[in-house]
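Novice: Please read through the structure below; I'll follow up with questions.
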Amino acid sequence: MGGDDVSFRCWQNANEIKEYLAANNREANSREYFELWNTFQSNAYAKLNEAAGQGRKITPIIHSSSFAVNYLDKDAYVIQLNEFANDTSIADYVNKGFKIIFSNQDQWRLDCSANSWLGDKAESCARELPTWEHFYKNSPMDMLFNMGVSNARSGQSQTGVETSTLVLGGEATLWSSDTDGNGFQQKAWPRVSALAERLWTDPILPVQGIDTAQKRINTHRQRMVQYGVRADPIQPEYCMQDEGACYNKEYFHAKAATHQQQQATPAQ
């Protein structure tokens, strides 16, 4: 049901809103804007249920915001989280019992792969553009645990509800204003493949786990290209032929040192 990029600055300059507030003896401030937003959202929700008909329950998805976490009914809405992965306000939704979908814009936003905008628009993207590794490493469950919420793998939220029942999953985002049919496949693949494994298995990663995943994604990307998908390469083609030369440097050096130590150890 929207809720993204709502601008009170825009409302301040809207004659309809200024006239409405004045006619109802209300001031033009943030508190009144939130109340006005709440009135609009309540009416929209009522219209949605009216259209659904009797006996049919609709649970809409709405973007996260300070309005959503403070005004909406946790049993009526699902919240799609756009906050950066280190934003501690994410924990508030779970602690209040909201069902949530993760879409951290600094980790899982596909259209932040290039600076196609200038000025304020460009600043909405993280400084470090999300690579396949961001998509793979970003664990919603670990994120919540690090914010003080009981680990969803084994614990409960402050509401006493199993955290795993509140986290519905995750979704990569790609705005149609930032791409079209010509660029979609390169922006989505193979990064979305990394996201799929994260959400499906939620692996706990040692350093070498990333290298193992990288080799699989390279192979998977090659397979996709053979089927006609315009998937973007994540490494040179050379890495398909000599995988050892393309490992994570720390892991590669550690593996080489272990091999040398084994050779130097005399047989018993």
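Each value in this text was obtained by applying a stated rule to the coordinates, not by laboratory testing. Everything quoted here is computed from the prediction, not taken from an experiment. Every residue, glycine as well, gets a Cβ built from its backbone with ideal geometry; the counts of neighbours run over all protein chains shown.
Novice: Output the peptides 134-141, 92-99, 168-175 sorted from most to least packed, where packing is the average of other Cβ atoms within 10 Å over each peptide's residues. Intermediate values should be presented prior to the final figure.
Specialist: Values: 134-141: 21.9, 92-99: 19.2, 168-175: 16.5.
The peptides rank, most packed first, as 134-141, 92-99, 168-175.
Novice: Multiply the residue separation of Ala52 and Met240 by 0.36 nm, subtract the distance between their alpha-carbon atoms, and state the gained length in nm to one decimal.
Specialist: Contour length minus the Cα-Cα distance gives 62.5 nm.
Novice: Restricting everything to alpha-carbon atoms, can you work out Rg to Rh for region 1-95 with a Kirkwood hydrodynamic radius?
Specialist: Result: Rg/Rh = 1.01.
Novice: To continue, here is another question. I need the calculated FRET efficiency for the pair Asp92 and Asn25, taking r as the beta carbon distance and R₀ as 30 Å, to the nearest 0.05.
Specialist: E(calc), rounded to 0.05, equals 0.40.
Novice: Per residue, what volume in Å³ does the convex hull of the Cα atoms of region 196-236 enclose?
Specialist: Spread over its residues, the Cα hull of region 196-236 gives 75 Å³ apiece.
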